[in-house]
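The values are calculated or read from the model by the stated rules, or taken from the named source; none is laboratory data. Here the structure is a predicted model, which means the values were calculated and not measured. In this analysis, Cβ positions are derived from the backbone assuming ideal geometry, glycine residues included, and neighbour counts consider all displayed protein chains. In case anyone asks, the SASA skips ligands and DNA or RNA and just uses the protein heavy atoms, side chains included. Shrake-Rupley method; radii C 1.70, N 1.55, O 1.52, S 1.80 Å.
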Amino acid sequence: MEYLLAFGSTHRVLKAESVLKEKGVPFRLNPAPSSLSAYCDLVITVSEDTLLDAKAALTVAKLTPKAVYKAEGVAYVKV
């Protein structure tokens with residue numbers, strides 16, 4: 001299962017990308033799906049296995065996501 005982390009701005013996504021790289025947390029930087037593009041043009045995608053590690057690293061860096069979505073088929077559900 002995959003989770004999308006939306007940050008509200010491209011600048012915050014890029015800062016979060018840097019934090020996750022530094023901490024060695026696996027992720028992908030993706031264009032936001034059209035249904036989520038109101039939050040940002042980019043999102044960070046993490047697996048269920050790494051979600052807690054990603055959230056912990058981002059919390060320490062004071063970069064908590066504005067929203068987290070779970071991918072369910074072609075839809076995204078806010079968690």
Filtering the range 48-79 down to residues that are surrounded by 15 or more Cβ atoms within 10 Å (Cβ to Cβ) and among the charged types (D, E, K, R), which residue is nearest to ALA32 (Cα to Cα)? LYS70
Hits in the range 19-42 - residues which are in a helix (DSSP H, G or I), modelled with pLDDT under 95 and open to solvent by less than 90 Å² (accessible area, probe 1.4 Å): SER35, LEU36
Note: among THR45, THR10, just one is open to solvent by 50 Å² or more (accessible area, probe 1.4 Å) and of a type in the set (Val, Ile, Thr), namely THR10
THR45 is checked against (1) of a type in the set (Ser, Thr, Tyr); (2) in a helix (DSSP H, G or I); (3) at pLDDT 95 or above and fails just one. What number does that condition carry? (2)
